[in-house]
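Structure, as structure tokens:
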Protein chains: 2
Amino acid sequence: MATDHRPGLDLEALRVLTLVADLGSISAAARAEQISQPSASKRIQVLERQLGLELLDRRTRGAVLTAHGSMVTGWCRAVVEATDALVTGSQALSARAAEQLSIGASQTIAEYLAPSWLGEFRRRGGKPTVQLRVANSQGVIAALRAREIELGFVETPTIPSDLRSRRVAVDRLVLVVAPDHPLARRRNPVSRAELSTMALASREDGSGTRDTLHVAMEHAMAPAAVELDSNAAVKVLVSSGSYPAVISELAVANELRDGRLVEVPLRDVELSRSLNAVWRRGTRLGAAADQFLLTARPRRGRG
Amino acid sequence: MATDHRPGLDLEALRVLTLVADLGSISAAARAEQISQPSASKRIQVLERQLGLELLDRRTRGAVLTAHGSMVTGWCRAVVEATDALVTGSQALSARAAEQLSIGASQTIAEYLAPSWLGEFRRRGGKPTVQLRVANSQGVIAALRAREIELGFVETPTIPSDLRSRRVAVDRLVLVVAPDHPLARRRNPVSRAELSTMALASREDGSGTRDTLHVAMEHAMAPAAVELDSNAAVKVLVSSGSYPAVISELAVANELRDGRLVEVPLRDVELSRSLNAVWRRGTRLGAAADQFLLTARPRRGRG
DNA sequence: GCATAGGTATAGCCATAGGCTATGCCGCTA
DNA sequence: TAGCGGCATAGCCTATGGCTATACCTATGC
């Protein structure tokens, strides 16, 4: 780097910290990361200086987290996990065809679930490189029929009869608004009739999210106020306070948790939906596909 | 760096990418990040090479995301957000006293909610530096009485009468197990009687999580199989498949979403709890504290 | 007790990642 | 057709961050 400028955290340092927490010593973390002990030591030092906190209590027998270090490590783990999702997701996107296992997924699934599945698949010893193709639900089905992919994941409520399917997760669309939107104060649930008249920020035509909403509303919907082609764009617009939106719970989980968006309860409308794995009827899934499907199995509980 | 070694993603590069997505051009992103245009350009190039993906379509009038770029940007945002949480959280921990606003929070709240609140507080124009102290619920109450902090956040179900309180969020403890644990197959809910006999991985004595569980169970509990002093440690142990645990939903939201942990439904037991802001009765909250409290207001909806 | 082992920090050396300025190219737009 | 806004390349330069060698510190073992 040239002139100084502000901190600029180092991802590797964060990873090293989590390893120290797990393994109990800087040396062990260094070995795990394939770097020398002094490098690891320095990285932690730099991190401590950048954050202005003592993270480790250096003992003679190793290093243990301080109280502050324990908090910071927790936050580091979140960063490291998000980074791993980025890397595994990107790898799956860039994997050239002629690889072993090729899957397809619709937008929301690909963005919020696929990286976890890919990571878990590897962690469980899945050998083949997985190639991920992203399309809308119709696109996934088309790719399946064209035998370009072996396994697909779709959000659509309607699955053609030439495909077999299995539920792998449950999702729910929710009505969300900005915290300062009038609807955020709303105590009694919004009825279907009311929802049908709202001018919403909506995903583009052909998206699974929009499909699901329209089917649930039996196509009685006011035209969308704005159409946007990504969940992120919808979220930004909603945050600005202009419009409400109906969007997958997966896409707004973080925002709902910390209050950047607010969920408005609904009364008359059932917006739960299954996320399904789909494959060609009559085909026997390969071992890899089978294992992948197992990895993406549905969660239990209140789902 | 010395010899090469593998990629090593650059956090700044990820942030630049999200800015490009938001602002529509590399130049604009560079200006926003206070770096030169060539630097930003190069960072994106390096990122593209590392991920093996074309992220941007360079037009003459700016740059727009490719389909792959759109996915990657979504994942980048998650990393950037987690990083911001790390930074704001650390700043609040390191802020030296004699600062303007001093708050305290119990573990789970400090780890999973406080960083968001701090960020939101700043974003809304909150001027003062906030100092965050972490303790268990009793410690927070003690600090409040000792006037070391102005505002506290606790998980305890019981709040002393010399304090005023306001609910700021709702949390729920959940029974979780590893996906391959026998209980994960369980269809019918677990009863209180059954839960009371289980050998659980538990948080340490004095933690709000443990308090809540014991109160809900009216102290009819088998002794803990293992006691651990952080949510992270509990999660690791549960993941290994050895024991079930009862833990805050906030702490396991990600793991439940992607199936690394599985929630087991409960029947007889009510493990919802309010997370409360607390302050000294009779004291008028300062303007800053008041604004902070407003930021941490409860979310609506099915909460 | 003293030596050993395992842990950590420091010193010193070097390669390079990554910053900046200057410049060239391209395609809109006036 | 000139100009402008946006992107990439070239060339220079600094300091980041890697490595080895070494010193220090404290349990533990003989």
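The values are calculated or read from the model by the stated rules, or taken from the named source; none is laboratory data. Everything numeric in this text was worked out from a predicted model, so none of it was measured. Neighbour counts run over all protein chains shown; Cβ positions are idealised from the backbone, glycine included. Calculation scope for accessible area: heavy atoms of the full protein, side chains included, ligands and nucleic acids excluded. Shrake-Rupley method; radii C 1.70, N 1.55, O 1.52, S 1.80 Å.
List of remarks:
- Among the candidates A:GLU54, A:GLU33, A:GLU81, the residue that is at the interface with chain B (Cβ under 9 Å from one of its Cβ atoms) and of a type in the set (Asp, Glu) is uniquely A:GLU81.
- Test result for A:VAL72, within 16 Å of DNA strand D (Cβ to nearest atom) and of a type in the set (A, V, I, L, M, F, W, C): no
- Counted residues, region B:57-68 - those being within 13 Å of chain A (Cβ to nearest Cβ) and within 11 Å of DNA strand D (Cβ to nearest atom): 1
- The helices (runs of 4 or more DSSP H) found wholly in region A:223-303 and carrying at least 3 residues that are among the acidic types (Asp, Glu) occupy A:249-258.
- Scanning region B:164-194 for residues that are open to solvent by less than 20 Å² (accessible area, probe 1.4 Å), under 27 Å from the mean Cα position of the chain (by Cα), more than 16 Å from B:SER106 (Cα to Cα) and of a type outside the set (Val, Ile, Thr) gives B:LEU175, B:ALA178, B:ALA184.
One line per residue, one yes/no per condition, for (1) within 12 Å of chain A (Cβ to nearest Cβ); (2) of a type in the set (A, V, I, L, M); (3) touching a strand residue (DSSP E or B) at 6+ places or on another chain (Cβ under 6 Å):
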residue	(1), (2), (3)
B:ALA220	no, yes, no
B:SER230	yes, no, no
B:LYS235	yes, no, no
B:SER240	no, no, no
B:VAL246	no, yes, yes
B:GLY259	yes, no, no
B:GLU263	yes, no, yes
B:GLU270	no, no, no
B:VAL278	no, yes, yes
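- For A:LEU51, the criteria (1) in the same structural domain as A:VAL134 (by TED's automatic domain parsing); (2) within 16 Å of DNA strand D (Cβ to nearest atom) hold in every case but one, which is (1).
- Residue that is farthest from A:VAL236 (Cα to Cα), among those in region B:43-90 that are away from DNA strand C (no atom under 16 Å from the Cβ) and among the charged types (D, E, K, R): B:GLU54
- Index of the failed condition, B:ILE103 passing every other in (1) open to solvent by less than 30 Å² (accessible area, probe 1.4 Å); (2) within 12 Å of DNA strand D (Cβ to nearest atom): (2)
- Of all residues in region B:280-299, those being open to solvent by 30 Å² or more (accessible area, probe 1.4 Å) and under 17 Å from the mean Cα position of the chain (by Cα) number 3.
- Within region B:9-27, the set of residues being near DNA strand D (Cβ under 10 Å from one of its atoms), touching a strand residue (DSSP E or B) at 6+ places or on another chain (Cβ under 9 Å) and in contact (Cβ under 8 Å) with a residue 12 or more places away in the chain comprises B:VAL20, B:GLY24, B:SER25, B:ILE26, B:SER27.
- Which numbered condition A:GLN50 fails, given (1) under 30 Å from B:LEU53 (Cα atoms); (2) touching a residue at least 40 places away in the same chain (Cβ under 8 Å); (3) in contact with a Pro (Cβ under 6 Å, 6 or more places away or on another chain): (1)
- Hits in region B:235-279 - residues which are free of Cβ contacts under 8 Å to residues at least 40 places away in the same chain and either surrounded by fewer than 19 Cβ atoms within 10 Å (Cβ to Cβ) or not acidic (Asp, Glu) (or both): B:LYS235, B:VAL236, B:LEU237, B:ALA253, B:ASN254, B:ARG257
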